[in-house]
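**Student:** Have a look at the structure that comes next, please.
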Amino acid sequence: MKLLKFHLRYYPPGLVLEYLQKGLVKNKDIDLLDLNSNTDIQDLTNKLFQREVLITDDVKDQLEQCLGTLKKRIEHEGPTGKRFYIYKTLVTHVLPLTNVCFDKVGERCLSGSYDRTCKVWDVESGQELKTLTGHQNVVYSVAFNFPACNRVITGSFDKTAKIWKPETGECLETLWGHTGEVVAAQFSTKGDYAATGSMDNTAKLFDVKTGSEINTYVGHTAEVIALQFDPNEGQRLITGSFDGTISIWDTRLKDRVSVLRGHEGEISNVQFNWDSSLVGSSSLDGSAKLWDARKTECLATVSGHTDEVLDICFDWAGQRMATSSSDCSARIYDVRSDFKELAVMRGHREEVSKVCFSPAGGCLLTASADRSARVWNTNTGNCLQVLSGHCGEIFSCAFSYAGDAIITASKDNTCRIWR
């Protein structure tokens, strides 16, 4: 085996070793989830040198430089960060928006709408690049295939999902089979599969290239409103349902692997952490739960919120989990130490419907029905900035991969880009 080069992975921090083995180029991922501003780079270099046979003495200096670059990226954001300013207002659709997302490099964003379309936008210029037209009802779910971002999937109330080529606006495949509205749609990690969740109580797995159905996942007794592939191999799928349960499926099997029971109300969101060892769930019963994804055991339940928990997310390193609630607050928990509460974010005047960490983890972004989004210090819970200007409820928000841009979507039919 011969090491060819190092590739840096900023979020979550890690290295990819590209090497040659028997004439074939292969990659090996090294997670550095504990890398932070206090890390001793020389000590970390020595530990990796001793552990990895691919890292030889002649590339040790290069390794140390790479680790130093990763550390600087984390330090650059910092919890107090730079202030965001309004960069573009995208007057997007005739009817209200449903969802938004960035591509990986933050150059394009998607918006779905009640006007039955999905639009692709150039973030820098604010210009509409393409309108994806073809659905016969509300476009509720929109997503890119990360990291390539050369395909888009949309889920619609017309009971179908569609796969598009964003550069041309061409619909490549229509995914048929559901008998209810499609409210969740996502590509697998490798981009070869797509999964959909529907109000018909089922989820489906499709082949992206052919559009053919591979499996229908039956078992939930109410609407399937959230789903996610595991971030590593994409061979596991979790689904969250209004029946109060979370199901874990193996994409190679038809029947579900396990069911996570314990919530007493509808599930509002489910998510894997980075290494797929944990599952987080939020529920309208006012609680959030942390589950062991392999043993399918509930590790912790938090009931700090006084109303419905509407959203949940992990930071990129998978070490903290954030929740948002109808009680107008957001909270952050440490998933490594008995789910200890680290910070409470109070300041919104109405329900907080969406929450997400910045890529480096120093900031938390929240979206609220009070027409504002807020950026918070994840260590102290202090509000760093209020993003105001929308004339309607903000229901979706996201950071770009680099953390230098924010998108907010509102019921005033506009998206705002903040930089």
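The values are calculated or read from the model by the stated rules, or taken from the named source; none is laboratory data. Keep in mind that what you see is a predicted model, and the values were worked out from it rather than measured. So basically every Cβ, Gly included, is an ideal-geometry build from the backbone, and we count neighbours across all protein chains shown. Accessible surface areas use protein heavy atoms only, side chains included; no ligands, DNA or RNA. Shrake-Rupley method; radii C 1.70, N 1.55, O 1.52, S 1.80 Å.
**Student:** Within the range 154-191, which residues have the backbone N less than 14 Å from the label spot 7 Å out from GLU213 along Cα→beta-carbon, could you tell me?
**Tutor:** Under 14 Å, as judged by backbone N against the label point of GLU213, lie 159-161, 174-182 of the range 154-191.
**Student:** Let me ask something additional. For the chain, with a Gaussian network of springs between Cα atoms less than 10 Å apart, report the residue from ILE332, ILE30, ILE238 with the top mean-square fluctuation.
**Tutor:** The residue that fluctuates most here is ILE30.
**Student:** Now for a separate question. Can you work out the Karplus-derived ³J(HN,Hα) for every residue in the range 411-419? Use 6.51 cos²θ - 1.76 cosθ + 1.60 with θ = phi - 60°, whole Hz, and x for glycine or proline.
**Tutor:** 6, 7, 6, 10, 10, 10, 9, 10, 10
**Student:** Moving on. For the range 108-181 and the range 297-313, what is the separation of their Cα centres, given in Å?
**Tutor:** 31 Å
**Student:** So, one more: What aspartates and glutamates sit close enough to LYS159 to cross-link, taking a C-alpha to C-alpha distance under 12 Å and skipping anything fewer than 8 places away on the same chain?
**Tutor:** Leaving aside aspartates and glutamates fewer than 8 places away in the same chain, those within reach of LYS159 are GLU181, ASP200.
**Student:** Then there's this: Which order do you get for LYS5, LYS130, LYS190, LYS209 if you rank them by accessible area with a 1.4 Å probe, largest at the top? Spell out each step's value before the answer.
**Tutor:** Numbers: LYS5 95, LYS130 70, LYS190 135, LYS209 180 Å².
So the residues, ranked largest to smallest area, are LYS209, LYS190, LYS5, LYS130.
**Student:** Right, another one. Anyone know which of THR89, THR160, THR239 comes out most mobile in the 10 Å Cα GNM of the chain?
**Tutor:** Greatest mean-square fluctuation among the candidates belongs to THR89.
**Student:** How big is the Cα convex hull of the range 12-61 in projection, averaged over all directions, in nm²? List each step's numbers first, then the result.
**Tutor:** Values: hull surface 16.2 nm².
Over all viewing directions, the range 12-61 projects a mean Cα-hull area of 4.0 nm².
**Student:** Ok, one more. Select from ALA203, ALA148, ALA360 the residue whose mean-square fluctuation is largest in a Gaussian network model of the chain (Cα-Cα springs shorter than 10 Å).
**Tutor:** Residue with maximal mean-square fluctuation among ALA203, ALA148, ALA360: ALA148.
**Student:** Further question: Starting from the Cα-Cα distance between SER277 and ASP43, subtract it from 0.36 nm times their residue separation and give me the gain in nm to one decimal. Mind dumping the intermediate values first?
**Tutor:** On the way: separation 234, 0.36 × 234 = 84.24 nm, distance 2.72 nm.
Length gained between SER277 and ASP43: 81.5 nm.
**Student:** Here's another thing I want to ask about it. For labels at THR69 and ASP334 in the simple 7 Å Cα→Cβ model, what's the distance in nm?
**Tutor:** Roughly 3.2 nm, to one decimal.
**Student:** 5 Å is the cut-off here: which amide hydrogens, built 1.01 Å from N in the peptide plane, fall below it relative to VAL123, excluding neighbours closer than 5 in sequence?
**Tutor:** Distant-sequence amide H within range of VAL123: ARG108, CYS109.
**Student:** Could you compute how fast the range 64-157 diffuses translationally, taking Rh as the Kirkwood radius over C-alpha pairs and applying Stokes-Einstein at 25 °C with viscosity 0.890 mPa s? Give it in µm² per second.
**Tutor:** On the way: Rh = 15.2 Å.
Rounded to a whole number, D works out at 162 µm²/s.
**Student:** Could you work out the Rg to Rh ratio of the range 283-326, with Rh taken as the Kirkwood radius (inverse of the mean 1/r over all Cα pairs)?
**Tutor:** Working: Rg = 10.9 Å, Rh = 11.1 Å.
Reported Rg/Rh (Cα atoms, Kirkwood Rh): 0.99.
**Student:** May I pose another question? When you take every Cα atom in the range 223-295, what is the radius of gyration, and what is Dmax, the widest Cα pair distance, in Å?
**Tutor:** In order Rg, Dmax, the Cα atoms of the range 223-295 give 11.2, 34 Å.
**Student:** Could you report the range 52-156's accessible area per residue, 1.4 Å probe, as an integer in Å²? Mind dumping the intermediate values first?
**Tutor:** Values: 5170 Å² over 105 residues.
Heavy-atom SASA per residue in the range 52-156 reads 49 Å².
**Student:** Shifting gears a bit: Please list, or write none, the aspartates and glutamates whose alpha carbon is within less than 16 Å of the alpha carbon of LYS88, excluding same-chain residues fewer than 8 places away.
**Tutor:** Candidates past the 8-residue exclusion: GLU107, ASP122, GLU124, GLU128, ASP404, ASP412.
**Student:** Show that you can apply the helix-only estimate: for the chain, add -39,500 (n - 2.57) for every DSSP H stretch of four or more residues, divide by all residues, and state [θ] at 222 nm to the nearest 500.
**Tutor:** Numbers: 2 runs with 29 residues, N = 419.
For the chain, the value works out to -2000 deg cm²/dmol.
**Student:** Still on this model: Could you tell me which residue out of THR168, SER37, ALA222 lies farthest along the dipole of the chain toward its positive end? Charges go on the beta carbon: Lys and Arg +1, Asp and Glu -1, centred on the Cα centre.
**Tutor:** THR168
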